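Engineer: My questions all concern the structure below.
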Amino acid sequence: MTPKTPAEIGGMGHSVKRKEDPRFIRGQGTYVDDIVLPDMLYLDIVRSPYAHATIKSIDTSKALAIPGVLAVITGKDLAQYNLHWMPTLMSDTQMVLPVDKVMYQAQEVAAVLATERYIAADGADAVEVDYDPLPVVVDPKKALLPDAPVLRTDKPDKKDNHIWHWEWGDRAATDQAFKEAEVTVKEDIYIPRIHVSSIETCGCVASFDKVKGKLTVWMTTQAPHAIRTVFALVAGHVGLAEHKIQIISPDIGGGFGGKVPVYPGYVIAVAASVLTGKPVKWIEDRMENIQADSFARDYHITAELAGKKDGQLTALRIKTIADHGYTDAAANPSKFPAGLFHICTGSYDLKAAHVEVDGVYTNKPPGGIAYRCSFRVTEAVHAIERMADLMAHEIGMDPAEFRIKNFIKPEQFPYKSALGWEYDSGDYAGALHKAMEKIGYAELKKEQAEKRKRGELMGIGISSFTEIVGAGPSKHFDILGLKMFDSAEIRIHPTGKAIARFGTKSQGQGHETTYAQIIAEELGIPVDDIAVEEGDTDTAPYGLGTYASRSTPTAGAAGAVAARKIRDKAKKIAAYLLEAHEDDLEWEPGKFFVKGSPDRAKTIQEISLAAYTNHPQGMEAGLEAVSYYDPPNLTYPFGSYICVVDIDKGTGEVKVRRFVAVDDCGNIINPMIVEGQIHGGLTMGLGPSLYEEIQYDESGNILQGSFMNYLLPTAVETPNWETDKTCTPSPHHPLGAKGVGESATVGAPAAIVNAVVDALWHLGVRHIDIPITPPKVWKLLRENGVTE
Ligand code: MCN
Ligand code: CUM
């Protein structure tokens, strides 16, 4: 797309350098832990060594004897104010601090308040808790057995560990299609628990001003307004009304979905500040972050695909057990307990589909956050892209040809999927062809055939994913009743400079730059003249926050709509100044001019000044607008990824030799930022594919509780990503843009697994669960006599 604005204005399509970077690269960002207030106290948390145990007693005397320790807060203290439990995003309940039992290892048990951070930590070590261990349930399938101990004894009516059953689609039509199928394939696919490892851990500074009765909380949250409302609803009975609560998300060092939930530490810090009248800081350390914060995925999927011998797919059937840990704290739109998992028909034109998911309690920390994926889409994409590959291999058809045969065709858009989604636009074959050309697919196939003769293990894997982002149309999507719109508010100052505030909150995505570009595009005001703010609930308009790659589809659209309202008013002012009729004016970036006489023009800066100094009589002064944008549909970005792997026969190590990613997110605001999003996203797709997994032993002990064994890819493991794009605008978004922040993380794992299985198919290998670690592959090679 050629930009419509010149580089000095920097509207859409310009790779404007990020306005936020000068402060970040100089170490001048303001993160929560940078906030220091006078008389600030520090909180540290006592955590449970047991995954399931009764608390017999808590002895705080030794802790309280330490000079500087001011208080030890327990569940019983919070229970006096009915703050020992809190609601989760899925209307379940979660302990802030336990009164009688703990439900997972590293759960919060008590909190120590002290004058200094290290004194608080010493205090936490000195708290003595007497536990009585209870039987532990870690396997969700065992949790469903009739003799399994019931975990949620706090719910008097709960007689098992089953949380909910959810199903979608046409069961009868799907069963019928399977009966009539010429070929079917079936596979168990486990998508393990993983952990968001943002550079900055979670934390807050809570400051309650007893005189003003106002609570200010700086916190690492992706959704400040929603948090404010939830705080007001939960703590209204202790006098915290919504206008007396200010949530500020300052700079955030990565969110990736892990900073959507409310963690107990936030609530305890707020309670401590309200009780003491002093500011209280709580910052997780790295181990607490990895062991106790909410986790992603943990989906036990059984998928079946039906089709004809010629490769035509007909139907998909999926059953899933979702391990939620001890509470359902998943970050999903309220009406969808399994998120948008029913995007699992993917990029294919299927006649019928049916999907079932059962949520289960186990003795683990809460699961169900999204790990750079809008609500279970990675799980869905992984399932369909694995199954498509399995089917192609099964019938002996090239996986690329197989996909092209089954893709939804460009002329079928808007396309209604078998599970009810209306895909907005796409050209799936276009993206796959581009990827095949870029990687040299045909030559790679030849190379693979030759290598196979020599006994070398090389695989080629494709993933042609469809993402679903931008929740959302508020008729379907809400979180605890809050409709999922988003907002923008723009004010133009008399000198033609602007401030714009949004209801979302960047965690590294570059909104200060890209939102300014959207306004520059619409009003012709240079990017440098537009200040963008987010994350302060006292100043920003109400919005639902940044996750699910929704900022561009929702708040970005709101920015364009608000800017257009301003342009409409600017046109009236220009007509007045130019003594012309409005209908005779034309717009080009940055000015209105009289049709046919380009010299008779007024720049947006001149118009801005006139809005405060010389506006028409009867018109309100000023130049500003607000938009609360409720998207008519979601956006459906897509892409085709091709991965080439070589497998070391001696060690089982998988090496990603090449990875080509062709993405399509419609019209692009900032190509450099989008490329950065894709690079980061691909690396976050690589991690879980080859390295990352959180496991528990039978007693509920976490096995990957630190970066010693929870492995993240570094620059050494990360291949050279080769990226490219196609552009299929969204027909309903004001700028034709789709979200992109999560596409690569969602799409990449299946390409990697498909490549590994492709390398090993001739040995009889049909599937490998991620992460594909060297021991897993080595075992397969050994079983097949390839290695000793
Ligand atoms: N963009 C663009 N043109 C498009 C689409 C997007 O220029 N057609 C730009 C946007 O303007 C924005 C960025 O790309 O600057 C991402 O936009 P979008 O896809 O709308 O996603 P969000 O801004 O809502 O970001 C959320 C998404 C999610 S959900 C996760 S998880 C994730 C991700 O972004 N977390 C991140 N990328 C991240 N990047 C960083 N650095 N840190 C995180 O925590
Ligand atoms: Cu999906 S993790 Mo992001 O939605 O913040």
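Engineer: Return the residues of region 392-411 that are of a type in the set (D, E, K, R) and surrounded by fewer than 22 Cβ atoms within 10 Å (Cβ to Cβ); say none if nothing qualifies. So that I can check it myself, show each step before the final result.
Structural biologist: Keep residues of region 392-411 that are of a type in the set (D, E, K, R), which gives 394, 398, 401, 403, 405, 409, 411.
Of everything in region 392-411, those that are of a type in the set (D, E, K, R) and surrounded by fewer than 22 Cβ atoms within 10 Å (Cβ to Cβ) turn out to be GLU394, ASP398, GLU401, LYS405, LYS409, GLU411.
Engineer: Going by what's in this entry, would LEU37 be described as part of a strand (DSSP E or B), at pLDDT 95 or above and either surrounded by fewer than 23 Cβ atoms within 10 Å (Cβ to Cβ) or in contact with a strand residue (DSSP E or B) (Cβ under 6 Å, 6 or more places away or on another chain) (or both)?
Structural biologist: Numbers: part of a strand (DSSP E or B): no; at pLDDT 95 or above: yes; either surrounded by fewer than 23 Cβ atoms within 10 Å (Cβ to Cβ) or in contact with a strand residue (DSSP E or B) (Cβ under 6 Å, 6 or more places away or on another chain) (or both): yes.
When the stated conditions are applied, LEU37 does not pass them.
Engineer: How do the pairs read when you match residues in region 250-264 that are farther than 12 Å from ALA292 by Cα with residues anywhere that are within 8 Å of ligand 1 (Cβ to nearest atom) and among the hydroxyl-bearing types (Ser, Thr, Tyr), using Cβ under 7 Å and keeping only pairs 6 or more apart or on different chains?
Structural biologist: Final answer for the pair search is GLY253/SER198; GLY254/SER198; GLY255/SER198; PHE256/SER198; PHE256/TYR371; GLY257/TYR371; GLY257/TYR547; VAL260/TYR547.
Engineer: Quick one: in region 490-520, which of the residues that are assigned to a loop (DSSP other than H, G, I, E, B) and within 16 Å of ligand 2 (Cβ to nearest atom) is nearest to GLY545 (Cα to Cα)?
Structural biologist: Taking region 490-520 as the starting set, the residues that turn out to be assigned to a loop (DSSP other than H, G, I, E, B) are 493-497, 503-510.
Now restrict to residues that are within 16 Å of ligand 2 (Cβ to nearest atom): 503-510.
Details: GLY503: 6, THR504: 4, LYS505: 6, SER506: 9, GLN507: 11, GLY508: 14, GLN509: 13, GLY510: 14 Å.
Residue satisfying both the conditions and the ranking: THR504.
Engineer: Residue by residue through region 359-377, note down the ones that are near ligand 2 (Cβ under 8 Å from one of its atoms) and part of a loop (DSSP other than H, G, I, E, B).
Structural biologist: ALA370, TYR371, ARG372, CYS373, SER374, PHE375
Engineer: Can you say whether VAL740 is away from ligand 1 (no atom under 16 Å from the Cβ), buried (at least 21 other Cβ atoms within 10 Å of the Cβ) and among the hydrophobic types (A, V, I, L, M, F, W, C), as far as the supplied structure shows? Don't jump to the end; show me each part of the working.
Structural biologist: Details: away from ligand 1 (no atom under 16 Å from the Cβ): no; buried (at least 21 other Cβ atoms within 10 Å of the Cβ): yes; among the hydrophobic types (A, V, I, L, M, F, W, C): yes.
Judged against the criteria, VAL740 is not a match.
Engineer: If you don't mind, another one. For VAL360, indicate whether it is among the aliphatic types (A, V, I, L, M) and touching a Phe, Trp or Tyr at 6+ places or on another chain (Cβ under 9 Å).
Structural biologist: Working: among the aliphatic types (A, V, I, L, M): yes; touching a Phe, Trp or Tyr at 6+ places or on another chain (Cβ under 9 Å): no.
Judged against the criteria, VAL360 is not a match.
Engineer: Determine which member of the set PRO731, PRO713 is assigned to a loop (DSSP other than H, G, I, E, B) and surrounded by 18 or more Cβ atoms within 10 Å (Cβ to Cβ).
Structural biologist: The unique qualifying residue is PRO713.
Engineer: Just give me the residues in region 521-548 being within 30 Å of GLU606 (Cβ to Cβ) and in a loop (DSSP other than H, G, I, E, B), in sequence order. Break it down stepwise before answering.
Structural biologist: If we filter region 521-548 for residues that are within 30 Å of GLU606 (Cβ to Cβ), which is where we start, we get 521-534, 539-541.
Of everything in region 521-548, those that are within 30 Å of GLU606 (Cβ to Cβ) and in a loop (DSSP other than H, G, I, E, B) turn out to be GLY524, ILE525, PRO526, THR539, ALA540, PRO541.
Engineer: Give the residues of region 521-542 that are under 22 Å from ILE248 (Cβ atoms), away from ligand 2 (no atom under 16 Å from the Cβ) and crowded, with 22+ Cβ neighbours inside 10 Å, sorted by residue number.
Structural biologist: Taking region 521-542 first, the residues under 22 Å from ILE248 (Cβ atoms) are 530-542.
Restricting the remaining residues to those that are away from ligand 2 (no atom under 16 Å from the Cβ) gives 530-533, 536-542.
Across region 521-542, the qualifying residues are ILE530, VAL532, THR537, ALA540.
Engineer: For region 96-196, which strands (runs of 3 or more DSSP E) that fit wholly inside it have 3 or more residues that are at pLDDT 95 or above and in the same structural domain as PRO261 (by TED's automatic domain parsing)? Walk me through how you get there before you give the answer.
Structural biologist: Details: elements: 108-114, 128-133, 162-169, 183-194.
The strands (runs of 3 or more DSSP E) meeting that bar are 108-114, 128-133.
Engineer: Further question on the same structure: Any idea which of (1) in contact with a strand residue (DSSP E or B) (Cβ under 6 Å, 6 or more places away or on another chain); (2) within 16 Å of ligand 2 (Cβ to nearest atom) is the one GLU356 doesn't satisfy?
Structural biologist: Every listed condition holds for GLU356 apart from (2).
Engineer: Here is a follow-up. Please go through region 289-303 and pick out each residue that is farther than 16 Å from ILE369 by Cβ and touching a helix residue (DSSP H, G or I) at 6+ places or on another chain (Cβ under 9 Å). Let's see the steps before the verdict.
Structural biologist: Restricting attention to region 289-303, the residues satisfying the condition of being farther than 16 Å from ILE369 by Cβ are 300-303.
Those that are farther than 16 Å from ILE369 by Cβ and touching a helix residue (DSSP H, G or I) at 6+ places or on another chain (Cβ under 9 Å): HIS300, ILE301, ALA303.
Engineer: Cβ-Cβ under 6 Å, sequence separation 6+ or interchain: first residue in region 349-372 and among the charged types (D, E, K, R), partner modelled with pLDDT of 95 or more and within 16 Å of ligand 1 (Cβ to nearest atom). Which pairs?
Structural biologist: Once the first residue is among the charged types (D, E, K, R) and sits in region 349-372, its partners that are modelled with pLDDT of 95 or more and within 16 Å of ligand 1 (Cβ to nearest atom) give ARG372/PHE256; ARG372/MET684; ARG372/GLU742; ARG372/THR745.
Engineer: Of all residues in region 236-255 being of a type outside the set (D, E, K, R) and more than 21 Å from MET40 (Cβ to Cβ), which is surrounded by the most Cβ atoms within 10 Å (Cβ to Cβ)?
Structural biologist: Our first condition is that a residue be of a type outside the set (D, E, K, R); within region 236-255, this holds for 236-241, 243, 245-250, 252-255.
Next cut, more than 21 Å from MET40 (Cβ to Cβ) only: 236-239, 241, 243, 254-255.
Values: GLY236: 12, HIS237: 10, VAL238: 12, GLY239: 10, ALA241: 12, HIS243: 11, GLY254: 17, GLY255: 26.
Here the answer is GLY255.
Engineer: With the requirement that a residue be within 13 Å of ligand 1 (Cβ to nearest atom) and out of contact with any helix residue (DSSP H, G or I) (no Cβ under 8 Å at 6 or more places or on another chain), what does region 680-706 give you? Talk me through it step by step, then tell me what you get.
Structural biologist: Start the filter on region 680-706 by keeping residues that are within 13 Å of ligand 1 (Cβ to nearest atom), which leaves 680-685.
Within region 680-706, THR683 is the sole residue that qualifies.
Engineer: Continuing with the same structure: In a loop (DSSP other than H, G, I, E, B), more than 16 Å from ligand 2 (Cβ to nearest atom) and touching a helix residue (DSSP H, G or I) at 6+ places or on another chain (Cβ under 8 Å): is that true of GLY426 in this structure? Lay out the reasoning, then the answer.
Structural biologist: On the way: in a loop (DSSP other than H, G, I, E, B): yes; more than 16 Å from ligand 2 (Cβ to nearest atom): yes; touching a helix residue (DSSP H, G or I) at 6+ places or on another chain (Cβ under 8 Å): yes.
Spelling it out, GLY426 is indeed in a loop (DSSP other than H, G, I, E, B), more than 16 Å from ligand 2 (Cβ to nearest atom) and touching a helix residue (DSSP H, G or I) at 6+ places or on another chain (Cβ under 8 Å).
Engineer: Can you tell me which residue among GLY622, GLY639 is among the small types (Gly, Ala, Ser) and in the same structural domain as VAL740 (by TED's automatic domain parsing)? Step through it out loud before you land on a result.
Structural biologist: On the way: GLY622 fails: in the same structural domain as VAL740 (by TED's automatic domain parsing).
Sole residue among the options that is among the small types (Gly, Ala, Ser) and in the same structural domain as VAL740 (by TED's automatic domain parsing): GLY639.
Engineer: Out of the residues in region 579-605 that are surrounded by 19 or more Cβ atoms within 10 Å (Cβ to Cβ) and assigned to a helix (DSSP H, G or I), which is nearest to ligand 2 (Cβ to nearest atom)?
Structural biologist: Among those that are surrounded by 19 or more Cβ atoms within 10 Å (Cβ to Cβ) and assigned to a helix (DSSP H, G or I), it is ILE604.
The values are calculated or read from the model by the stated rules, or taken from the named source; none is laboratory data. Remember, it's a predicted structure, so these values are computed and weren't measured experimentally. All Cβ positions, glycine included, derive from the backbone under ideal geometry; neighbour counts span all protein chains shown.
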